[in-house]
Amino acid sequence: MAAEENHDSAACKRVDDGITRVFELLGKRWSGPIVAVLVEQPAYFADLRRAVPGISERMLSDRLAELGAAGLVLREVDEGPPLRVSYRLTEAGAALEPALRELAEWAKSHLPDAAACPETALERQHQAEPHAVDARSHA
């Protein structure tokens with residue numbers, strides 16, 4: 001009890017409310033990459049799916065709906081034929097571009113390289129350890 005009575009509330013630091021809200025939205029898997037693709041130009045659903053490897057149609061649809069509800073993405077129906085749906089950033093969504101570019105630069109400087117695909121990771125491993133590969137093949 002004594003520790004609670006002596007607790008200095010100023011010593012407790014809280015995360016900025018804006019940071020919390022941003023990461024609740026953009027911190028969800030796939031949201032950042034989707035916005036990053038749309039920063040470059042509007043895109044059709046199929047183009048977005050190709051641009052974000054590994055995302056399912058359902059997850060892409062869910063994330064686009066969330067980003068739309070947050071006022072970052074607009075869904076536009078092209079009457080066609082064929083009927084196509086495209087997505088583009090709103091003014092608020094486009095305003096994320098400088099922050100996304102800064103985060104990308106930070107990642108290049110401070111995070112380890114990630115392979116584009118598993119095959120690339122294996123190739124790098126074999127190139128880095130040529131003698132280990134030879135030793136296994138002679139065993």
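The values are calculated or read from the model by the stated rules, or taken from the named source; none is laboratory data. What you see is a predicted model; the values in this text were computed from it and never measured. FYI the Cβ positions are ideal-geometry reconstructions off the backbone, even for glycines, and counts take in every protein chain you see. Heads up: the accessible areas ignore ligands, DNA and RNA and are worked out on the full protein's heavy atoms, side chains in. Shrake-Rupley method; radii C 1.70, N 1.55, O 1.52, S 1.80 Å.
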Check segment 43-55 and report whether any residue there is of a type in the set (Phe, Trp, Tyr), surrounded by 15 or more Cβ atoms within 10 Å (Cβ to Cβ), at positive phi and not in a strand (DSSP E or B). no
Mind checking which pairs have a first residue in segment 33-55 that is among the basic types (Lys, Arg) and a second that is open to solvent by 70 Å² or more (accessible area, probe 1.4 Å) and assigned to a helix (DSSP H, G or I), Cβ under 9 Å, 6 or more apart or different chains? Arg49/Glu57
So which residues in segment 75-103 are open to solvent by 60 Å² or more (accessible area, probe 1.4 Å) and under 17 Å from Trp30 (Cα atoms), if there are any at all? Arg88, Glu97, Arg101, Leu103
